[in-house]
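Before any comments, here is the structure.
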Amino acid sequence: MTDIGFNFETTYTNLPQEFYTELKVSPSSAPEAVVINNVLGDSISLNLSILTDEELANLFSGNRLPAGVKTFSQAYAGHQFGHFTMLGDGRAHLLGEHITPQNIRLDLQFKGSGRTPYSRGGDGKAALGPMLREYLISEAMHFLGIPTTRSLAVIKTGDSVVRESVLPGAILTRVASSHIRVGTFEFAIQQRNPGAIQVLLDYTLDRHFSEVKSQNKPLGLIQAVMEKQVDLIVHWMRVGFIHGVMNTDNMSLAGETIDYGPCAFMDAYDPKTVFSSIDHLGRYSYMNQPKIAQWNLARFAETLLTLIDKDLNKSVELAEELINKFPEVYQEKWLNMMRSKLGLFQAHESDVQLVSDLLDWMVDNNADYTNTFRSLSQLEKPNSELYKGEKFQKWYRRWQNRLQKNSESIESSIDLMKSRNPAVIPRNHKVEEALESANNGNLKPFEDLVSILKEPYTDRAALAAYKNPLKPGATDYKTFCGT
């Protein structure tokens with residue numbers, strides 16, 4: 001195979017054997033490249049542009065891998081909707097860790113690449129639509145400035161997969177800082193190998209948290225992971241993103257958004273918003289995301305209790321003390337984020353009420369989350385019918401008075417707001433339109449949407465067709481765990 005700059009190591013396979021299984025990718029009968037992320041490839045020093053379409057298809061299907069690569073699947077566990085289950089990569093194969101010239105270590109993983117020992121009766125395959133969906137949403141998240149796994153390629157396998165109907169099969173190539181999850185630690189603590197959790201702890205610290213110098217390394221790791229998760233969830237809340245399936249096996253310790261299954265972006269602001277067809281009780285609703293992050297972190301801390309202190313009661317006390325700080329840390333960062341969405345510098349006692357009253361008004365008026373904040377991010381007062389009511393007018397005057405208390409100029413406030421409030425997000429109906437067209441062989445709407453989402457904070461005429469939600473009540477949008 002042509003040398004395009006791959007520089008592989010597989011340090012993960014230095015962990016005990018129970019953490020992974022080496023196995024080959026299922027062959028694809030007629031692979032065809034659908035979308036290749038050359039810009040991402042260039043950024044990690046992979047020169048994909050020198051490969052032919054046939055070579056790209058063979059590479060990203062796993063039919064022809066770089067010399068020396070031995071693919072493997074990871075074992076892990078997880079609490080799924082609160083219930084513990086032994087899991088693993090049911091349809092994913094890791095190629096290994098690509099080391100960039102800047103010494104950045106990145107996992108490259110195939111998704112939809114065939115059955116593994118962890119498939120639990122599944123076929124290990126994926127359909128084209130869901131793989132394109134993950135490509136689109138993960139790239140949108142990146143350009144929104146949110147930590148995320150990235151998508152390097154999607155290929156059609158030439159084979160069909162059977163779901164509710166017969167669909168074209170596909171494989172996504174995912175790039176991640178790692179695939180170490182809370183569920184990886186939950187798996188480790190279940191092993192008969194008493195040293196497994198210590199080995200995994202040391203590996204995770206070395207790979208992601210070498211800066212942790214705490215005398216108590218387990219507590220230091222919990223603290224570091226908690227800080228990353230708080231920052232991540234605050235980002236989700238900033239743009240109205242709802243992950244949809246925050247199981248512990250979907251919480252990356254690297255602090256990246258991972259596994260874009262039933263995710264979606266909120267249109268009209270409603271903190272109870274849920275899109276997932278299987279989340280009947282709203283466990284993973286927009287407003288519950290911070291609480292679930294804390295719950296997941298508590299499960300993570302439980303796996304480390306035997307390492308925190310020899311006295312288990314002392315371990316529990318120390319872990320609880322740390323995890324119980326989550327709401328306070330989150331609230332402070334969330335409020336600072338909301339201040340930035342309103343162009344507020346410094347902190348004032350009235351800020352909490354100011355933010356709360358705006359959100360209450362948005363719920364009462366079915367106001368679009370993204371468009372409301374973007375409308376406020378202008379020098380001119382919003383003047384559409386939505387904003388003419390007395391309640392908003394009173395709030396607007398209070399906000400203008402608060403802006404006067406900033407030490408920075410109004411222009412600085414507007415600049416801050418425009419950098420925090422996107423002009424465009426992946427609107428659910430536009431995503432579905434793009435995927436339906438792609439399934440029918442027309443990639444143009446998909447490519448156009450990906451292009452639009454690369455500059456989410458820049459106003460331009462091309463955004464007009466992508467900014468508005470469907471009319472209220474036009475659709476009861478549901479998402480599915482298809483990716």
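Across the alpha-carbon set of region 109-205, the Rg to Rh ratio works out to 1.06, Rh being the Kirkwood radius. Across the options MET338, PRO147, SER26, the greatest Cα extent toward the positive end of the charge dipole of the chain (unit charges at beta carbon of Lys, Arg, Asp, Glu) belongs to MET338. Counting only Cα atoms, region 397-483 measures 54, 28, 25 Å along its principal axes, largest extent leading.
The calculated pair-distance distribution of region 304-449 uses every alpha carbon pair, bins of 10 angstrom beginning at 0, and gives 9, 28, 23, 17, 16, 7, 0 percent. Dipole orientation for region 361-483: of the candidates LEU470, TYR387, ASN406, ASN406 has the Cα lying most toward the positive pole (charges on Cβ; Lys, Arg +1; Asp, Glu -1).
All C-alpha pair distances within the chain, sorted into 20 Å bins from zero, spread as 23, 54, 22, 1 percent across the bins. In this simple spin-label model, placing a label point 7 Å from the Cα along the Cα-to-Cβ direction at both GLN198 and PHE8 gives a separation of 3.2 nm.
Hey, can you rank 367-375, 345-353, 21-29 by average C-beta count inside 10 Å, highest first?
On the way: 367-375: 22.0, 345-353: 12.3, 21-29: 16.9.
The densest-packed peptide leads the list: 367-375, 21-29, 345-353.
Scaling against 2.2 N^0.38 Å puts the C-alpha radius of gyration of region 241-282 at 1.21. Within region 284-365, the ratio Rg/Rh, alpha carbon atoms throughout and Rh by Kirkwood, equals 1.15.
As a test of the definition: which semi-axes, in Å, follow for region 1-132 when you take the square root of five times each eigenvalue of its alpha carbon gyration tensor? Largest first, please.
Numbers: eigenvalues 135, 69, 38 Å².
Working through the eigenvalues yields semi-axes of 26, 19, 14 Å.
Once the other residues with Cβ under 10 Å from the Cβ of TYR286 are scored (Lys, Arg +1; Asp, Glu -1), what is the net sum? Before the final figure, lay out the partial values.
On the way: positive: LYS272; negative: ASP270.
For residues surrounding TYR286, the net value is 0.
In this Cβ point-charge picture (+1 for Lys and Arg, -1 for Asp and Glu), the chain has a dipole of about 560 debye about its Cα centre. Going by accessible surface with a 1.4 Å probe and the largest first, LEU40, LEU281 read LEU281, LEU40.
At 0.36 nm per residue, and after removing the present C-alpha to C-alpha distance, how many nm does the segment from GLU436 to ASP42 gain when stretched out fully? Can you show the working numbers first?
On the way: separation 394, 0.36 × 394 = 141.84 nm, distance 2.95 nm.
Computed gain between GLU436 and ASP42 is 138.9 nm.
Each of the peptides 120-129, 103-112, 150-159, 169-178 was scored by the mean count of other Cβ atoms within 10 Å over its residues; in descending order, highest first, they stand as 169-178, 150-159, 103-112, 120-129. Calculated accessible area for the chain comes out at 43 Å² per residue, all protein chains present (probe 1.4 Å; ligands, DNA, RNA ignored). What is the dipole size for region 377-483, taken about its Cα centre, with +1 at each Lys and Arg Cβ and -1 at each Asp and Glu Cβ, in debye to the nearest 20? My answer is approximately 620 debye.
Calculate the FRET efficiency for ILE104 and LYS394 from the Cβ-Cβ distance with a Förster distance of 41 Å, rounded to the nearest 0.05.
On the way: r = 50 Å, r/R0 = 1.23.
That pair, ILE104 with LYS394, gives E of 0.25.
Highest mean packing comes first when the peptides 411-419, 388-396, 224-232, 179-187 are listed by Cβ atoms within 10 Å, giving 179-187, 224-232, 411-419, 388-396. Could you point to the residue in CYS263, GLY441, VAL355 farthest towards the positive end of the chain's charge dipole, with +1 and -1 charges on the Cβ of Lys/Arg and Asp/Glu respectively? Farthest towards the positive end: VAL355.
What 222 nm value per residue comes from the helices of the chain, counting each DSSP H run with n ≥ 4 as -39,500 (n - 2.57) and dividing by all residues, nearest 500 deg cm²/dmol?
On the way: 16 runs with 190 residues, N = 483.
Mean residue ellipticity at 222 nm (helix-derived): -12000 deg cm²/dmol.
If you bin every alpha carbon distance in region 370-419 into 5 Å steps from zero, what whole percent lands in each bin? That works out to 4, 18, 28, 28, 15, 5, 0, in percent per bin. Computed over protein heavy atoms with a 1.4 Å probe, the carbon and sulfur contribution to the accessible area of the chain reaches 49%. The charge dipole of region 295-367, taken about its Cα centre with unit charges on the Cβ atoms of Lys, Arg (+1), Asp and Glu (-1) only, comes to about 320 debye. The equivalent ellipsoid of region 75-161 has semi-axes of 23, 18, 16 Å, largest first, where each one is the square root of 5 times an eigenvalue of the Cα gyration tensor. In summary, the helical segments of the chain meeting the span-like criteria, namely a full DSSP H run, a Cα extent along the axis of 24 angstrom or more and a mean Kyte-Doolittle hydropathy of at least -0.5, are 217-239. Using a 7 Å offset from Cα along Cα-Cβ at ARG120, what residues in region 66-90 end up with backbone N under 14 Å from the label point? Only 75-90 pass the distance filter.
The values are calculated or read from the model by the stated rules, or taken from the named source; none is laboratory data. What you see is a predicted model; the values in this text were computed from it and never measured. Every residue, glycine as well, gets a Cβ built from its backbone with ideal geometry; the counts of neighbours run over all protein chains shown. Just so you know, the surface numbers come from the protein's heavy atoms only, side chains and all, with ligands and any DNA or RNA stripped out. Shrake-Rupley method; radii C 1.70, N 1.55, O 1.52, S 1.80 Å.
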